[in-house]
Structure formats: C-alpha cells, structure tokens
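Where a number appears in this text, it was derived from the coordinates with a stated rule and is not lab data. Computed from a prediction, not measured in an experiment: that's the story for all the values here. Glycine also receives a Cβ, built like all others from the backbone with ideal geometry; neighbour counts cover every protein chain displayed.
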Amino acid sequence: MSSDKPPRKPEDRPCDDPAEKVGPGKPPRHTRFKPGQSGNPNGRPKGSKNLATELQQQLRKVVTITVDGKAKRMTVQEVIARRLANDSMKGVTKAIELLIKLASAKPDEAGKDAQSATVLPDKDALRRIHKRLATLVDEEA
C-alpha cells in the first residue's frame, strides 16, 4: 500500500532528518534561501556614498578663515595644505615628513597612502631642509 502523497523534495525534508549534515557552510535546509530568493532583497540604497566620496565632498567645502586679520574664503583642502606648510616652517618634524611625502608623490598617488609610496629621508636631510625653511621665514619677516 503506497501513499497518495508525492515524495518529498530534499529541501522540504525536516531538519531533524538524521541523513542531513548540518555544520559550517551547511545550514539547515529550512533556513536556506529558496531558489530565486535574494539574501538582500532591498539591496544597496540609491545615492549611498562611500568614504572616498564623502572625503572629497568635505575637502571641497568652502570655509571662511581669518588670515592676518582679514576674512578669507578657501576650501578645506587649501586650509589643510596651508597649515601643513606653516607647521613645516615652524620645525614640526612630522609635518615636514608628510609635506615631503606629499610633494614627491605623483599626482595620481596623492590620494593614496603616501607613506607606502615614498621612502622617508634621513634625519640629516630633514635638518638641512629645516634650516633652509628657517632662513626663508627669517627673510620674509
């Protein structure tokens, strides 16, 4: 006497079936995605931005700063470059190293990791550069 029910498909089997192996990479059949079903039905929202896009937008933003008692409008990127140059002239070693790295990087590498793109100069070279910058600052004053 055979039953009138059609045989079950493998994905319809109960998960407590002893023949089914469950473990890493093999979830129980009842929790698996059905054919044609996506794991992320809504997908990535339209207009969402990645970190690089957000940084570019922030660097292009125009701000007002005070230079020599006068209000001046410039981009955030220009403000950062100006601050880096000023700190380098004051003798801040980290600023000098970063300025040299960025200045010697190719234009297409400027946004990438400058530390891996350029070899740091030795301490003597940094001292010579610092002396030259100090003389330039004294000449301007």
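If packing is taken as the mean number of other Cβ atoms within 10 Å per residue, what is the order of 90-98, 42-50, 72-80, highest first?
90-98, 72-80, 42-50
Put simply, the convex hull of the Cα atoms in region 22-63 casts, on average, a shadow of 5.5 nm².
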